[in-house]
1. What percent does the relative contact order of the chain come to when contacts are Cα pairs within less than 8 Å and at least six residues apart?
2. Please compute the modelled spin-label separation between Glu156 and Gln349, points set 7 Å along Cα→Cβ, answer in nm with one decimal.
3. Can you compute the label reach from Lys5? Point 7 Å from Cα along the Cβ direction, backbone N cut-off under 16 Å, restricted to the stretch 29-72.
4. Rounded to the nearest 0.05, what FRET efficiency is calculated for Arg131 and Glu107 with R0 set to 25 Å and r the Cβ-Cβ distance?
5. Quick check on packing: order 231-238, 158-165 by the mean number of other C-beta atoms within 10 Å, highest mean leading.
6. Below 8 Å between Cα atoms, with a sequence gap of 6+, how large is the relative contact order for the stretch 295-390 in percent?
7. Give me the percent of DSSP beta bridges within the stretch 439-524 that run antiparallel, rounded to the nearest 5.
8. Can you tell which of Asn361, Asn395, Asn130 lies farthest toward the positive end of the dipole of the chain, using +1 and -1 charges on the Cβ of basic and acidic side chains (Lys, Arg; Asp, Glu)?
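Derivation of every value follows stated rules applied to the coordinates shown; laboratory data play no part. All figures in this text were calculated on a predicted structure; none of them were measured in a lab. All Cβ positions, even for glycine, are placed from backbone atoms using ideal geometry, and neighbour counts span all protein chains on display.
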Amino acid sequence: MILTKSLLSTVRNCPEKLAVVDGHHRYSYKELEGRTAKLKESLKKLGVKKGERIALLLLNDFRYLELIYGITAMGGIVVPLNTRFSLEENAYVLNDAGVEILYVNKEFLPIVDELKKRVSGIKHVILSENRDAPELNEYSDIHSYEALLDEESVEELVYEDVQEEDVAGLFYTGGTTGRSKGVMLTHKNLLTNALHVALNFEYMESDIYLHAAPMFHLADQASTFAVTLAGGAHTVVRQFTPKDVLHVIEKEQVTAVMLVPTMVNMLLHSADFEKYDTTSLRLMLYGASPMATGLLKKTMTMLPDAQLFQAYGMTEASPVLTLLKPKDHIINGTKEEEKRLASCGKPVQFIEMKVVDEEGNEVPIGQVGEFIARGPNVMKGYWNLPEETSQALRNGWFFTGDMGYKEEKGFFYVVDRAKDMIITGGENVYSVEVEQALSSHPAVLECAVFGVPHEQWGEVVRAAVVLKQDTAASEEEILTSIRPIVSNYKVPKSIEFLSELPKSGAGKILKRVIREEYLNQKTTT
């Protein structure tokens with residue numbers, strides 16, 4: 001199971017099939033192979049050897065595909081950088097990974113000099129833009145991606161001394177709970193996940209997949225290799241905006257897309273939604289964080305032709321562990337069917353999952369504990385972090401840090417991150433439950449629930465809320481609306497109204513940042 005083989009099998013089976021659509025760039029699978037082969041040879045001339053790390057600081061770009069396949073074909077390790085990270089955060093990742101070659105888009109050129117000051121190991125910076133990019137005239141010490149390819153004549157892609165257990169990529173966690181860690185994923189990890197996705201989503205040659213979520217994140221890459229395996233086409237939006245996504249869906253007749261809940265929310269509430277034809281969509285994957293049941297129902301109503309899949313997982317699992325399939329997305333059903341909309345589904349093929357207590361013992365059906373999982377898509381470990389690796393990987397099981405329960409029919413429910421669980425007066429409060437209640441208020445666009453220290457109760461529940469445009473609601477009105485839904489001790493003691501919630505590059509709400517800002521504000525007032 002080598003990433004290069006997955007591309008070459010599609011090249012062999014349908015060489016003239018359209019592979020890439022990105023603006024005026026349109027390449028067949030045979031052309032994609034040729035460009036990837038040239039990319040690989042250009043890296044060899046720059047001195048890259050097996051095991052070396054190559055970083056990508058790129059927005060969504062078809063070259064992402066060439067880079068992943070080309071780098072891994074020679075045994076190199078891809079290090080996708082979070083485009084929302086600060087300068088210091090990306091400098092940390094580059095130093096931690098020991099990166100020597102950095103690919104960038106023009107948007108990141110202004111920070112290259114500062115990155116090079118902080119990361120002494122960088123030897124080459126390569127601008128991944130068209131041949132006529134004017135920025136190439138402004139930065140004499142930066143290579144041109146396309147010029148490097150033009151120097152090569154090779155047309156066939158081959159892989160060299162690569163094994164399935166070799167690390168293919170270092171994927172740094174989003175830092176939602178602390179310092180980012182480099183997750184080592186092997187060729188086997190990533191291709192096992194691709195098989196999970198291809199099998200369950202039933203990707204076909206006729207599919208056109210839109211990279212709308214950031215390509216650096218595994219939430220999007222869950223489909224990257226699967227679509228290639230099936231011979232489908234890849235199209236992109238450079239950065240997510242509702243209008244751009246809707247435009248590309250209509251123009252390219254997109255059939256499949258992955259969106260995180262915050263993106264779905266923005267798309268459905270966009271003034272442009274009704275202006276575009278979205279009926280080509282046959283499949284929409286959502287995940288990376290829970291989706292409020294109300295938003296889920298709205299999605300199913302406004303995109304009736306799209307089958308919905310919820311994927312639950314994490315970077316350490318390449319990333320998919322469970323799926324909630326279209327047949328389980330039932331609105332206006334029985335009480336049990338309605339509840340199931342909040343489930344993350346059942347484990348995918350080859351994956352085992354259990355719910356355990358603090359001692360690692362499996363808990364009874366319906367009892368909350370920590371999810372643990374094992375399977376061929378679970379990471380090799382954390383880069384240069386043996387202690388953290390041994391904590392996460394125990395006796396063949398990966399301890400996810402997510403809290404939840406399993407019901408009698410085998411469906412799993414996430415209730416919180418272990419680190420986000422709030423303990424107030426000795427009672428556990430799971431923020432997801434409270435967020436679901438808050439989201440049921442018609443004026444709430446998005447929200448986050450978090451705990452803050454309290455002398456008497458240990459912690460108390462607080463909330464941050466963003467209201468929908470042109471709506472109004474008071475704190476008391478919202479809190480009153482949820483009191484019949486959740487127990488009194490779960491009701492937030494106060495609401496902070498914000499214009500937007502801080503998010504990671506993958507669209508996850510950063511509760512840690514909200515909590516810190518709240519505490520800092522209270523300290524200074």
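1. Working: 1073 pairs, mean separation 58.4, N = 525.
It comes to 11 percent, rounded to a whole number.
2. Simple spin-label model gives 3.1 nm for this pair.
3. From the stretch 29-72, the list is 72.
4. On the way: r = 18 Å, r/R0 = 0.72.
The value I calculate is 0.85.
5. Numbers: 231-238: 22.4, 158-165: 13.0.
In descending order of packing, they fall as 231-238, 158-165.
6. On the way: 118 pairs, mean separation 20.1, N = 96.
So the answer I get is 21 percent.
7. Numbers: 11 of 15 bridges.
Of those bridges, close to 75 percent are antiparallel.
8. Going by the charge dipole, the pick is Asn361.
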